[in-house]
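The values are calculated or read from the model by the stated rules, or taken from the named source; none is laboratory data. What you are looking at is a predicted structure, and each value in this text was computed from that prediction instead of being measured. Here the Cβ positions follow ideal geometry from the backbone for every residue, glycine too, while neighbour counts run over all protein chains shown.
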Amino acid sequence: MRKAMVLFVGLVASVAFASEPAEGEKEDVAGYILHHVSDSRELEIEVPLYDLFGLNHIPIHLPEILVPLKAGGCQKQMTDHGEAIPSLGAGCLDLSITKHTVMMWLAAVLLIGSLLIWSNRDKAKLVPRGTAANLFEMLVLFVRDELAIKNIGKEEGPRYTSYLLTAFFFILFMNLLGLFPWMASATGNIAVTCGLALCTFVMTQVAGIRAAGLGGYLAHLTGGVHWSLWAIMIPVELLGLFTKPFALTIRLFANMLAGHIVIFFLLGLIFMLGHPAVAFVSVPFAIGIYLLELFVAFVQAYVFTMLSALFIGMGVAMGHHAHAEEHGHGEAGHSHDHGKAHMLGS
């Protein structure tokens, strides 16, 4: 709460000390919002109270790493918006460090640090000491018992708990970093959420192949119909495989990006309407959205992890169903499939 108030004191100060635009000049609020929520090749440190000294904007340029795949492939070209780096199709592999890359590294450091500091490494003590350690253990047990075991099963659930825990805390820290001054939410980048969804996609296919075997996995793509309908069912099943990571990608990206856009838009109303009195309405609303974003950060980490566990559980259930059909009984997988259907319905 203290950090939230510090952030918005800075925002109010920026409104108070902002210089009036020149006559005929209009504030580009949309461009300002897109600039702050998009990825960039520099970290920007803005100190509103130092505006009078010309130190309100301090850019930190990040390393630029360009790998030419052919001679002259990474030669920059001048455009109306400045220098443009050639694309991969033009023969240039861009491995430059960006703002969101730094945020992912910082989230990884926080994840490893939390594990080393708050995990109960003393096996002689069954109960960890301290509020933070108990909170950390509560979240770990929640992911293991309520997400992994309930959606995947008692036998296979613990096998995938480590991945689900990593995804949950990694996404949570990336979400929370965007609520601090000078930070950004890497989950507001569709490339980041796509990478996370692809990890779940790979784990889902591995779980299905491990449970059903390669033959059973490929047989599942036919939908169990007559061979004459395979030309229809196989494309449908393949499309169904990729709709799951697509849903994970868009859900996390859209929810995290929308909250930050709403906050900046509410503050931008001060400049769009051109009167400082608007701050008495827009700033309290922005504070409310900010506090809501704290809740959304946890919810979106939970939703991504829950859906990942559900998709992995469906792959495991497919293997149980295949084995049940081979042995001529379906009761073994009936209750497990019923639980999956109940989760999908909820």
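Please verify whether His342 is exposed (fewer than 14 other Cβ atoms within 10 Å of the Cβ) and either at pLDDT 90 or above or not in a helix (DSSP H, G or I) (or both), treating the condition exactly as stated. So His342 fails the test. Of the strands (runs of 3 or more DSSP E) lying entirely inside the stretch 66-105, those containing at least 3 residues that are surrounded by 11 or more Cβ atoms within 10 Å (Cβ to Cβ) span 66-68, 92-94.
State yes or no: is His260 of a type outside the set (Lys, Arg), under 30 Å from Met318 (Cα atoms) and either touching a Ser or Thr at 6+ places or on another chain (Cβ under 8 Å) or at pLDDT below 90 (or both)? For His260, the condition - of a type outside the set (Lys, Arg), under 30 Å from Met318 (Cα atoms) and either touching a Ser or Thr at 6+ places or on another chain (Cβ under 8 Å) or at pLDDT below 90 (or both) - is not met. Of all positions in the stretch 46-54, at least one carries a residue that is assigned to a helix (DSSP H, G or I), outside the structural domain of Gly188 (by TED's automatic domain parsing), of a type in the set (Asp, Glu) and at pLDDT 50 or above.
The sole residue among Ile232, Ile209, Ile263 that is within 30 Å of Leu179 (Cβ to Cβ) and part of a helix (DSSP H, G or I) is Ile263.
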